[in-house]
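Report on the following structure.
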Amino acid sequence: MNETIDFVRNVYRDVDAMDPRRLTAHLTPDCTFVFANADPVTGSAAIESHLRAFMEMFDGMTHEIDAAWRAGDVVISRLRVAYRRKDGIRKVYPAAVIWRMRGELIGEFTVFIDASTLFSAEA
């Protein structure tokens, strides 16, 4: 395994633990987080609060990393995200994520995903 994919897997292991504090340990204090077409959230404390509210809508989530690349201070990953809703329905979506690194921490965290059917009635 290369260092980039190991780092990406470690970050998503913390996301999948459903404890936003574990994720924010990987972020700069002034990190900007953008999920799909939502407004940006800036600052690790605000991101933690935002993610806590988001995660409370689910019984669980898992991220399966297909590939990860690093070019300079940018890390790009291609993955599949499985969300398990409170009603037991599980939905899986492809995603791409770009992180702009500052040292060993993520300074910008941008998620490209179309999860528009996440709360639709069909499984």
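The values are calculated or read from the model by the stated rules, or taken from the named source; none is laboratory data. Computed from a predicted model, the values in this text were never measured in an experiment. Cβ sites come from the backbone with ideal geometry, for glycine too, and all protein chains shown count toward neighbours.
Observations on the structure shown:
- Near pairs, Cβ below 7 angstrom, 6+ apart or cross-chain, from the range 44-64 (under 16 Å from Val11 (Cα atoms)) to any residue that is acidic (Asp, Glu): Met61/Asp16; Thr62/Asp16; His63/Asp16
- Residue in the range 11-30 that is among the aromatic types (Phe, Trp, Tyr), at pLDDT 95 or above and in contact with a Ser or Thr (Cβ under 8 Å, 6 or more places away or on another chain) present: no
- Residue match in the range 78-90 (condition: crowded, with 16+ Cβ neighbours inside 10 Å and either of a type in the set (Val, Ile, Thr) or outside any strand (DSSP E or B) (or both)): yes
- Looking only at residues in the range 58-74 that are surrounded by fewer than 16 Cβ atoms within 10 Å (Cβ to Cβ) and over 15 Å from the mean Cα position of the chain (by Cα), the one that is farthest from Val97 (Cα to Cα) is Asp59.
- Listed by first and then second residue, the pairs linking a residue in the range 97-123 that is touching a residue at least 12 places away in the same chain (Cβ under 8 Å) and exposed (fewer than 10 other Cβ atoms within 10 Å of the Cβ) to a residue that is outside any strand (DSSP E or B) and not aromatic (Phe, Trp, Tyr), with Cβ atoms under 7 Å apart and 6 or more places separating them unless they lie on different chains, are Ala123/Ile89.
- Close pairs (6 angstrom Cβ cut-off, 6 or more residues apart or separate chains): farther than 18 Å from Phe58 by Cβ and part of a strand (DSSP E or B) in the range 1-29, small (Gly, Ala, Ser) and at pLDDT 95 or above anywhere: Leu27/Ser44; Thr28/Gly107; Pro29/Ser44
- Members of the range 34-56 that are farther than 13 Å from Arg22 by Cα and of a type in the set (Gly, Ala, Ser): Ala36, Ala38, Gly43, Ala46, Ala53
- Evaluation of Leu118 against (1) farther than 24 Å from Phe7 by Cα; (2) assigned to a strand (DSSP E or B) (one fails), failing number: (2)
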